[in-house]
1. Checking a compactness column here: for the range 66-200, what do you get for Rg(Cα) / (2.2 N^0.38 Å), N being the number of residues?
2. Just how large is the dipole of the range 1-101 about the Cα centre, in debye to the nearest 20, putting +1 at every Lys and Arg Cβ and -1 at every Asp and Glu Cβ?
3. Taking the range 143-276 on its own, what percent of its Cα-Cα pair distances exceed 23 Å?
4. Nearest 500 deg cm²/dmol is fine: what mean residue ellipticity at 222 nm does the chain get from its DSSP H runs of n ≥ 4 alone, each adding -39,500 (n - 2.57), divided by its residue count?
5. Would you mind ranking K294, K303, K77 by Cβ crowding within 10 Å, fewest neighbours first?
6. Take every DSSP beta bridge whose two residues both sit in the chain, then give the antiparallel share in percent to the nearest 5.
7. Roughly speaking, what is the centre-to-centre gap between the range 18-85 and the range 272-315 when only Cα atoms are used, to the nearest Å?
8. Within the range 64-81, what residues put their amide N at less than 11 Å from the label point 7 Å along the Cα-to-Cβ vector of M48?
Amino acid sequence: MRIGILTGGGDCPGLNAVIRAVVRTSVKEYSSEVVGFLEGWRGPIENMVMPLTMQSTGGLIHRGGTILRTSRTNPFKLDRGPERIAENIVKNRLDALIAVGDIDTCSVANRLHQEHNLNVVCVPKTIDNDINATDFTFGFDTAINIVTEAIDRLHTTAESHNRVLVCEVMGRKAGWIACYGGIAGGADFILVPEKPIKAQEVVQAIKTRHSRGRDYSIVVVAEGARFESPEASNEPSESNGDSPTDNTSIGNQLARLIESETGFETRATILGHIQRGGAPTAFDRVLATRFGVKATQLVHDKKYGRMVALSGSKLHDVAIEEATGSLKTLDMELYNVAEVFFG
Ligand code: F6P
């Protein structure tokens, strides 16, 4: 067989481990060939290809990012996008396509399968861990380890200055990174998109903590968390906080509110794309490798329209739409565990 592969959506550590596994499994187990498409769905639309061999993908398992690069291109928003993909799949004599990506990448793959009869298999990827039907996605473990180390570092400087430090992490719509990283880092409050921020609840928790003689606090907030009432943050309600660099980010808003309401010196740190960079953890290298091998097996078994998934310690496959119909938001039982340590 000749198999195409692309990486779409936000990058994360582990993508190269998937590429390496797909190539190695295809060549060694099935004597198949693999063609890489560059920059997400832009690659098959524009026919941007890179032949992939065992030699060119050897030694990739530890490298962050993706050698195929990525984008957030959506072919269904472009003139004849799907049709051009189908034409280029024929032009490259491909039997199937493996799409490695987030919920948007996989949703596109599913539509191409359902509406244009393309042979696709998906591998779920995101640091947000917000894809349904799989317990974890690779990239997540690396991100929470980066967050945990950052919080450990923030603890020492907060304690040295008797300060409240607000750490803003990624997660536009789901609070998995904030909750896991916050628990692991021993945060004194964690704010997630799934639970609107009650300003006075945060303020009171910090005051209570400081009244117990703990003169510093760590507050972790997901970039997608929002105040229950916009006026609570004294920011214009249109502030969207989407860009980690502008001063309307939720982390900055929260820091200003805490300092003004408690009188405690407060600073904000926005981790941003550090959470997406660097080498994958061992867990992510192994999970990504397993996903890549399994996806290659699905292709050779002609099980198209499927996504590889982790359930417990076992891999299985699900219909792509089972994973992409809705976002996997935070399990609030885990948040309840975190609440034990607030304040
Ligand atoms: O989807 C993963 C993610 O890292 C989100 O957590 C974050 O909000 C978003 O991507 C950032 O997107 P971009 O890298 O395109 O700015």
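Taken together, the values in this text are just the output of simple stated rules run on the coordinates, not laboratory data. The model shown is predicted, which means the values in this text are computed figures rather than measured ones. So basically every Cβ, Gly included, is an ideal-geometry build from the backbone, and we count neighbours across all protein chains shown.
1. 1.41
2. I would put it at about 140 debye.
3. 23
4. So the helix-based figure for the chain works out to -12500 deg cm²/dmol.
5. Ranking K294, K303, K77 by Cβ neighbours within 10 Å, fewest first, gives K77, K303, K294.
6. 25
7. 15
8. Taking a point 7 Å out along Cα→Cβ of M48, the residues of the range 64-81 whose backbone N falls under 11 Å are 68-73.
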